[in-house]
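Trainee: Take this structure, written in structure tokens, and hold onto it; I'll ask about it next.
Computed from the coordinates by the stated procedures, all read-outs in this text should not be read as laboratory data. Note that the coordinates shown come from a computational prediction; the quantities given were computed from them, not determined experimentally. Neighbour counts run over all protein chains shown; Cβ positions are idealised from the backbone, glycine included.
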Amino acid sequence: MSNLTLERSASSSAAVFAAFPLVQKSRPAAEIVTPAKPHQTIRYAAEELQRWIAEITGATLPLVEKQDPSKKQIVLALKPAQFAADVKKLTGNDGYAVRKKGKTLYLIASCPKGILNAVYKMLFKNTDIIWARPNEKDGTFFSKDPDLKLKE
């Protein structure tokens with residue numbers, strides 16, 4: 001399966017749910033969940049998600065290791081058993097899927113690079129961020145948004 005196909009399926013599934021608030025009035029409205037001992041690429045993906053949300057909103061989402069169904073959370077999930085059909089489709093590539101269950105948004109992949117791809121695509125589709133050059137000072141552009149919601 002090509003990345004384009006996976007991207008389309010991830011985008012269409014993500015568009016089905018109502019807006020998922022990450023930050024409200026520059027205050028965290030969600031958490032980022034990683035495994036207790038994540039692969040370094042997954043750790044980096046979580047830190048990038050946290051960093052760019054903070055840059056855009058002024059709020060730093062907490063990084064946690066435990067899921068809590070009573071809280072809004074973004075779970076960076078590598079091969080989660082509860083989404084075995086998605087994992088099977090993603091095996092052998094660095095694509096990803098996005099699924100929502102209750103208050104939890106799952107970024108699913110079969111390899112760590114897929115999680116990083118999901119984070120960057122989610123930021124790209126839900127903000128106006130542009131990474132124009134590798135030089136952060138002169139090459140990254142975005143508008144501030146104290147009320148960031150994921151819509152796609």
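Trainee: Here are several values of Rg and Dmax of the Cα atoms in Å: (1) 21.0, 67; (2) 14.6, 42; (3) 18.3, 59. Which one was derived from the coordinates shown?
Mentor: Comparing each candidate, only (2) matches the computed number.
Trainee: What list of ³J(HN,Hα) values in whole Hz, one per residue of region 114-121 in order, does the Karplus curve 6.51 cos²θ - 1.76 cosθ + 1.60 (θ = phi - 60°) give from phi, with Gly and Pro shown as x?
Mentor: These are the phi-based 3J(HN,Hα) values: x, 5, 4, 4, 4, 4, 5, 5 Hz.
Trainee: Starting from the Cα gyration tensor of region 35-75, take the square roots of the eigenvalues, sort them a ≥ b ≥ c, and report rounded, prolate or oblate (rounded when a/c is under 1.5, otherwise prolate if a/b is larger than b/c, else oblate). If you can, show how the numbers build up before the last one.
Mentor: Values: a/c = 2.87, a/b = 1.13, b/c = 2.54.
Cα axes put region 35-75 in the oblate bin.
Trainee: Let me ask something else about it. Out of the DSSP beta bridges found with both residues in the chain, what percent are antiparallel (nearest 5)?
Mentor: The antiparallel fraction comes to roughly 50 percent.
Trainee: Given the pairs LYS25/LYS66; LYS66/LYS88; LYS37/LYS66; LYS121/LYS151; LYS103/LYS151; LYS25/LYS137, which span a C-alpha to C-alpha distance of over 23 angstrom in this model? Don't skip to the end; give the middle numbers.
Mentor: Details: LYS25/LYS66 25 Å; LYS66/LYS88 25 Å; LYS37/LYS66 12 Å; LYS121/LYS151 12 Å; LYS103/LYS151 14 Å; LYS25/LYS137 26 Å.
Too far apart for the 23 Å limit: LYS25/LYS66; LYS66/LYS88; LYS25/LYS137.
Trainee: Mind running the shape call on region 73-152? Use the C-alpha gyration tensor, a ≥ b ≥ c as the square roots of the eigenvalues: rounded below 1.5 for a/c, prolate if a/b tops b/c, oblate otherwise. Spell out each step's value before the answer.
Mentor: Values: a/c = 3.30, a/b = 1.61, b/c = 2.05.
Judged from the Cα gyration tensor, region 73-152 comes out oblate (a/c at least 1.5, b/c at or above a/b).
Trainee: Could I ask something else about it? Under the definition of Cα pairs under 8 Å and six or more residues apart, what whole-number percent is the relative contact order of the chain? Don't skip to the end; give the middle numbers.
Mentor: Values: 300 pairs, mean separation 45.4, N = 152.
Worked out over the chain, it gives 30 percent.
Trainee: Moving to a separate point now. Which FRET efficiency value, to the nearest 0.05, is calculated for GLU55 and LYS101 with the Förster distance at 25 angstrom and r the Cβ-Cβ distance?
Mentor: Numbers: r = 28 Å, r/R0 = 1.13.
That gives a FRET efficiency of 0.30.
Trainee: Then there is this: Which Cα, out of ILE42, ILE56, GLN67, lies furthest along the positive dipole direction of the chain (beta carbon charges, K/R +1, D/E -1)?
Mentor: Looking along the dipole axis, the top candidate is GLN67.
Trainee: Is any residue of region 112-142 close enough, with backbone N under 14 Å, to a label point placed 7 angstrom from the Cα of TYR44 along the Cα-Cβ axis, and if so, which?
Mentor: Under 14 Å, as judged by backbone N against the label point of TYR44, lie 112-120 of region 112-142.
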